[in-house]
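The next block holds one structure in the form of structure tokens; read it before the comments.
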């Protein structure tokens, strides 16, 4: 069903500009009576951050910024969904056009700039789905004109403490000027200290919610050293590696390859997976990692796991592979486990990290 739906919809969606096509996809998911995915093989289940994921394949932040289609995505087979990025106050983001398909490269460039409906609207949608099954994380960010950006992250944790399965602190988008400066060790330490204090204060009422940090793939390794040290010192629950890149590989062929913004999709796979492995080597299993960037088939998802990811996320891959990609990954990962004669991914996570670091 999903394969047929993808084959039918792709020509229509690719006839539209990318942002209009995305909005059409969200609108369709809100009303389409999609069949529920088959139950997951028990071997796909993952325990991480104190949560039990039915499978390790998640929808990355950026697809469902406003928490409009979390339940349809879960029904389609995702093991978890991350909504956002959400800023405290509504903001339009950068002017259009701000989303570009690199068709020949199976990549995407975006410069949305945290377009968001704001805490109040998004919280209302998540509150309306309370009681529904499934893990839904909330990716929080800061308004572009915030006088105190750290306070915006704290406000995000406070606003969604009752409805979030986990939080992601997004300080790595390249499309908000100065945002990546928050990755500097002394600034990050203050940010995480205040975020974790807010999380712990809310835990007495709503239970303890994991907090993850999402980093850029363009970091210098000495900066990664500092970030991991701060994360460990502040008791972070995990890291997401990585966001989009500001780099442009020489291999890009598509017409819009020179557009400003963050690059994702296939061209990001090598860079983000190396950064994932570098992070895994430094973390040493003290907390789990989520691998994202360039996942477009079973081989790339499995490579993320071998490089150090306990969970994986995708978004851009769906643009080119369609909704059947989710089922392909779930079935393909079961096949990989069978070939390994393994009952879980526990012995597979990180076993090729050193190889990736050496590339």
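Can we say residue 150 is within 25 Å of residue 58 (Cα to Cα) and modelled with pLDDT of 95 or more?
No; evaluated as a whole, the condition is false for this residue.
Only residues that are part of a helix (DSSP H, G or I), touching a helix residue (DSSP H, G or I) at 6+ places or on another chain (Cβ under 7 Å) and surrounded by fewer than 20 Cβ atoms within 10 Å (Cβ to Cβ): list them for the range 329-353, please.
Matches in the range 329-353: 332, 334, 336, 337.
Scan the range 165-172 and tell me whether some residue there is within 19 Å of the chain's Cα centre (by Cα), in contact (Cβ under 8 Å) with a residue 40 or more places away in the chain, more than 17 Å from residue 67 (Cα to Cα) and surrounded by 21 or more Cβ atoms within 10 Å (Cβ to Cβ).
Looking through the range 165-172, at least one residue is within 19 Å of the chain's Cα centre (by Cα), in contact (Cβ under 8 Å) with a residue 40 or more places away in the chain, more than 17 Å from residue 67 (Cα to Cα) and surrounded by 21 or more Cβ atoms within 10 Å (Cβ to Cβ).
Picking from 147, 201, which residue would you name as being surrounded by fewer than 21 Cβ atoms within 10 Å (Cβ to Cβ), assigned to a loop (DSSP other than H, G, I, E, B), more than 19 Å from the chain's Cα centre (by Cα) and without any contact (Cβ under 8 Å) to a residue 40 or more places away in the chain?
Of the residues listed, the single one that is surrounded by fewer than 21 Cβ atoms within 10 Å (Cβ to Cβ), assigned to a loop (DSSP other than H, G, I, E, B), more than 19 Å from the chain's Cα centre (by Cα) and without any contact (Cβ under 8 Å) to a residue 40 or more places away in the chain is 147.
Give me the pairs, please: first residue somewhere in the range 299-320 and at positive phi and surrounded by 24 or more Cβ atoms within 10 Å (Cβ to Cβ), second residue anywhere and at pLDDT 95 or above and assigned to a loop (DSSP other than H, G, I, E, B), beta-carbon distance under 8 Å, and either six or more positions apart or on two chains.
Qualifying pairs under 8 Å: 308/349; 308/350.
Looking at (1) on the phi < 0 side of the Ramachandran plot; (2) free of Cβ contacts under 8 Å to residues at least 40 places away in the same chain, find the lone condition where residue 53 falls short.
(2)
(1) within 19 Å of the chain's Cα centre (by Cα); (2) farther than 24 Å from residue 48 by Cβ: which one isn't true of residue 183, the others all being true?
(2)
Would you pick out the residues in the range 211-248 that are part of a loop (DSSP other than H, G, I, E, B), free of Cβ contacts under 8 Å to residues at least 24 places away in the same chain and out of contact with any strand residue (DSSP E or B) (no Cβ under 8 Å at 6 or more places or on another chain)?
Within the range 211-248, just 220 meets the criteria.
Evaluate the range 76-91: report whether one residue or more is more than 18 Å from residue 169 (Cβ to Cβ) and free of Cβ contacts under 8 Å to residues at least 24 places away in the same chain.
no
The values are calculated or read from the model by the stated rules, or taken from the named source; none is laboratory data. Here the structure is a predicted model, which means the values were calculated and not measured. All Cβ positions, even for glycine, are placed from backbone atoms using ideal geometry, and neighbour counts span all protein chains on display.
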